[in-house]
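What follows is a set of notes on a single structure, which appears directly below.
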Amino acid sequence: MSEPHSTPDWLLRAEGISKIFGGTVALNGVDFDVYRGKVNALVGENGAGKSTLMGIIAGIHQPTAGRIILDGNEVKLDSPRDAGEHGIRLIHQELLLFPDLSVAENIFAGSELHSAMGVRMREQERQATQLMERLGQRVDPRALVGTLAVGAQQMVAICKALSQQVRVLIMDEPTSALSTREVESLFAVVRGLVADGVSVVYISHRLEEIVEIGDFVTVLRDGRLVAHAAVTEIDSHWIVERMIGRDPKELFPYEPRPVGAPLLEAHDLTLPRAGGGLWLDHVSLTLGAGEIVGVYGLMGAGRTELLHTLIGERRETVGRVVLGGVRVDGESIGARIARGLFLVPEDRQREGLVSVLSVKQNVSLASLDDLGSFGSLALRRESAEVGTLVRDVGVKVPDVNFPVTSLSGGNQQKVVVARALMTDPKVLLMDDPMRGIDIGAKTELYRIMQRLAKEGIGILFTSSDLIEVLGMADRILVMARGRITRELSRGEATSQALVAASNPHAVQVAA
Amino acid sequence: MTAQLDALRRRVRSSAAEELLGQMKTLHGWRSLLLRLRAFVALIGIVIFFSGVSPAFFTGSNLLVMTEHVAIVAIMAIGETFVILSAGIDLSVGSVAGLAGMIAGGLLNNGLILHPLGIVVWFNVPLVILIGLGVGAGAGAINGVVITKLGVAPFIATLGMLSVARGFADLRNNGATFPNLAGDAKQHNGGFGFLGTGSLLRVPFTIVLLALFIVVAVYIAKRTAFGRRVYAVGGNERAAELAGIRVNRIKMGVYVISGICAAMTGLLITSQLSAAFPDTATSYELTAIAAVVLGGTSLFGGRGTIGGTVIGAFVIGFLSDGLVLVGVSEFWQMIVKGSVIVAAVALDEAQRRRQSRASASASSLIEEVMSSDRPATQE
C-alpha cells in the first residue's frame, strides 16, 4: 500500500467546520486532516455530510463556521477557482465532462492553450496524450468523450485535474459506475499519483475499496466526525459500525418466514438496448408469497429495467410475465396494479411523488377508482383510509393534508409505500428503496417490508449496496450485463460471491 | 389543520413544536392569505377605484353587463384551466370559438345541405347548440390525438389548430358573415338569441350558464378521480404513469373539455350579436390564458383552481370595462392589461419560492415534533 511511515504530516486541515443550509445542519464542527501524499478516505452514509465537506474544501460551499489551513496558513476558498489556485481539485461523481467535445478539448476546457492564432489544438492534443500515458491510458486525444467507456471518461476527468498544478485531488465516489477491471486500473492510477506526492481524498461508501486503497479513514455520521484511524489498524466491520452507529445485524433484524406458492414468474425477458446489445438478456425468475428477494448488481446491470418491465413500463420487452397464475405481459400498468402488482420507483422525486399534492393525495393516487363510483371521490373515506395507512407505515406527519414536500426523504419513501399498500398489492417491486434515506428510516422501512412479507406479500427489491442485500433478502439474484449471473440463498450468500458474480467482465468471458 | 396543531401543542411542549406552529402560522397567516388571494384583492381594488372615479361603475345594471362580458371569457378560461393544470396549453380556443359560431350560424340560416341527395336538413336550436359544442369537442379531440399519439408539443399542436380552425371558420361562408340568426318559423329553429340575451328569473342567461360551468368544473376538479388525475399528470407525469394513471386519456380529456368550453364561448358571442362572424373571438386565447394565470394557476402544471381562474377573468373584464367607462384610450388599456398579467406571474413565483422554503424548513421540525409526540399518543 505505502512505504512505512513515521508520523505523517498533514497538508490541509479543516478545523471545526460547520455548515447550515436553510434550517438544516449539514456539518457540525467537523475536523478533517488531509495527509501529505496519502489516500485519505472519507466515508459515511448518504446525507452524512461527505459531499458538503468536500464542497467546502473545493471552494464550492463556504463554511458557516470553521477554517481551512493549507501548508500552515489559513486560506479563504470563496470559489472553485480559488481552490484551484491553491492546487485543490475536485472530480465530481458525475464527472461533468462535455460529451460532444474531444478528449483534448475536455482536458483543456476553461484553460485552453492559446497563441496569437487562437487555441493551439495540436499542442493540446500532444499534452493530452502525454497526460493519458502518465496514467497508463492509450486514448486518441481527438476521440469524442461521449463515445468512451465510463472508465475512460473517469481517466479524462483525472487528466483534466492533472493538467494543472494539483496538490489535493478529491475524488467523489469515483467507482460508482465502473466495472471491476476499471476500478483496478483506477486504483493503479491513484497509487501512482500518491507516489508522485499528490494528496488524495477518496470519498466512497464501498468498504472493500477503502480497505484496499485507503491509508487513513475518516467516518462522518449525521454531519459529525465520529471516527478517524489508519486503515492498517481497522477492518471493514469497524467502518460499518461507525458509519451506521450500531451493529449491522441490528440494522436489519432478520426473522425467517415460510415461503408460499409462487406469485410472480418471469420467463425469458429480453429487452434490446437502443445502441445495440441487451438491457435484459433472457431473464427468468420466480417470487413466492411472503418472500423477500434482492436483486444485486452494479449500475447499468439491468436492475431498474427488470422492474420496469415487470410493472409494464417497458412494453418492447419480449417474454412472459405471470402474476398469480395469469399472464400479464401486454397489459397496461394500471391493469397490472389492479391485479396486485406495484412498483415503488427508484427516484422518489422524479418518479414517485407528485410534489404539488398533499400527503393524502399522494397516498391515494393509485387507488382513485376504488374511492367512489362514476368517477366521483368519496373524500371522507379517502381521508379515513389514508389516515389508517399513514399510521400503519409510520409516516411522521401531523396532518395528512400537509404538502408532501414538507417530509424528510425517509418519510417521503413511506408515503410511496403507503400508496402501494392502498392498492392491496400481492407483489411489491421496490427499486433501490433505501436510497437517500437515513439509517433510522431504513430500519423502519425494513421492518415494514418484513411485516408485509409475513402477511404473504412477495417483495422483489434491488440495491447496489452489499450490506442491504445481504441483510434483507431471503434469496439474492445477482445481475450483470442484463443477465442473472447467480442465485444465492441467504445462507450461502457472501459479499465475495456477490462481487464476483456482479462483475460484467466475468459475463463477457462466459459468453 | 390548525385544530390538529393546537392539539399537538397541548400535548407537546417542545420548542420544535412551537417553532413549527410559528411556521404554520406564517404559512396560513393573513399575510400569506392576502398573497394567495391576490387576484381577489386586486378585484376589490379595481371595484373601489373605478367606483370612486366613475359613479356609473358600481350600479346594478353596469355590474350585470360587465359580468356578462366576463362570463364569455371566463367559460373559455375554465376549459383552459384544465389544460394548463395538466401542464399543457391550448392556443386554439379563440379559433375554435369562431368555428363553432360559424357552424351554428350556417345551420341556423341555411340548414345542412346534403349536396348529393339534394336535400336540406334543418335542426332546432338545442341541436344546433349541441352540434356547435360537438365541433369544439372534436377540435379538442384532434388536439389531444396530435399531442398524445403523434407526440407533438401542446404549444405547436394547438398553434396549428389555431390556424386550421380559423381557416375552416373563414371557409364556411367564404369569409362572409351569417347575419340575422333569428331563425325561420317554418323550420322551427328560432330562439337562438336566448343563449346570449335571454334571462332566467331576471338574471341574464349568460350568467346562469357561467354559474353552471363553474359548479360543474369545480366538481370535476375537486371531487372526481379525473380531476385529481389532471393535477397529478400536471404535477409529475412519470409518477402518475407509474401509479397506473392512463396519462394519454387524461390529456385527451382536458383538450376535449377545453374545446367544449371554447365552443360555448363562441356560441354565446354569436347569439349576443345574432350573427356569426368568421373572426369571432380572435386572440381570445391570450385573454383566457391571462385569466388562468392571474387566478394563480401555474403554467408548469399541477397547481391552481377553477375559482382562481374565474376571479382572474373578473379582474381582466372589470379592468377593461372600467377603463372604457372612464374613457382611457384603448392603447393604454393594452399596456395596463399586459403589465397586470406579468406582475401577477411575478407574484406567483414569489409565493412559490416562499412556500417551498417554508416546506423545506418545516420538514425537519415535523420530524422532531412527531418523534417527541410518540409517547404522548400511547397514553
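Overview of results
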{"quantity": "At R0 = 56 Å, FRET efficiency that the Cβ-Cβ distance of B:GLN351 and A:VAL322 yields, to 0.05", "calculated": "0.65"}
{"quantity": "Between 0 and 90°, nearest 10: helix A:121-134 axis offset from chain A longest Cα axis", "calculated": "80 degrees"}
{"quantity": "Least to most buried among A:ASP347, B:ASP90 (fewest other Cβ within 10 Å first)", "calculated": "A:ASP347, B:ASP90"}
{"quantity": "Nearby aspartates and glutamates by direct alpha-carbon distance to B:LYS337 (threshold 20 angstrom, same-chain neighbours under 8 apart not counted)", "calculated": "B:GLU68, B:GLU80, B:GLU285, B:ASP321, B:ASP348, B:GLU349"}
{"quantity": "Stokes-Einstein translational diffusion, chain A - Kirkwood Rh over all Cα pairs, 1.567 mPa s, 4 °C, in µm²/s", "calculated": "52 µm²/s"}
{"quantity": "Simple spin-label estimate for A:ARG451 and A:VAL499 in nanometres, 7 Å along Cα-Cβ", "calculated": "3.6 nm"}
{"quantity": "Chain A: calculated mean residue ellipticity at 222 nm from DSSP helix runs of at least 4, using -39500 (n - 2.57)", "calculated": "-9500 deg cm²/dmol"}
{"quantity": "Aspartates and glutamates with Cα under 17 Å of A:LYS19, excluding same-chain neighbours fewer than 8 positions away", "calculated": "A:ASP31, A:ASP78, A:ASP222"}
{"quantity": "Debye log10 I(q)/I(0) for the protein assembly as shown, one point scatterer per Cα, at q = 0.07 Å⁻¹", "calculated": "-0.72"}
{"quantity": "Sites A:ASN73 and B:VAL203, calculated FRET efficiency, Cβ-Cβ separation with R0 51 Å, nearest 0.05", "calculated": "0.05"}
{"quantity": "Over 25 Å between alpha carbons, listed pairs A:LYS50/A:LYS442; A:LYS50/A:LYS360; A:LYS360/A:LYS426; B:LYS222/B:LYS251", "calculated": "A:LYS50/A:LYS360"}
{"quantity": "Between 0 and 90°, nearest 10: helix A:150-162 axis offset from chain A longest Cα axis", "calculated": "30 degrees"}
{"quantity": "Taking the convex hull of Cα positions in the stretch B:60-328, its mean projected area over all directions (nm²)", "calculated": "15.6 nm²"}
{"quantity": "Projected area averaged over orientations for the stretch A:10-247, convex hull of C-alpha atoms, nm²", "calculated": "13.6 nm²"}
{"quantity": "Mean Cβ count within 10 Å, highest first, over the residues of peptides A:160-167, B:46-53, A:201-208", "calculated": "A:201-208, A:160-167, B:46-53"}
{"quantity": "Proxy reagent accessibility, fewest Cβ within 10 Å first, across A:VAL318, A:VAL259", "calculated": "A:VAL318, A:VAL259"}
{"quantity": "Square roots of 5 times each gyration tensor eigenvalue, C-alpha, the stretch A:365-453, largest first, Å", "calculated": "24, 16, 11"}
{"quantity": "Taking B:LYS149, B:LYS251 and counting other C-beta atoms within 10 Å, the order from fewest to most", "calculated": "B:LYS149, B:LYS251"}
{"quantity": "Helix A:439-454 vs. chain A, principal-axis angle (Cα, 0 to 90°, nearest 10)", "calculated": "30 degrees"}
{"quantity": "Förster radius 30 Å - calculated FRET efficiency between B:GLN272 and B:ASN174, Cβ distance, rounded to 0.05", "calculated": "0.80"}
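Values quoted throughout were computed directly from the atomic coordinates according to the rules given, and no laboratory measurement underlies them. Treat the numbers as computed from the prediction; the structure is a model and nothing was measured. Reconstructed Cβ throughout: ideal geometry from the backbone, glycine too, with neighbour counts over all protein chains shown.
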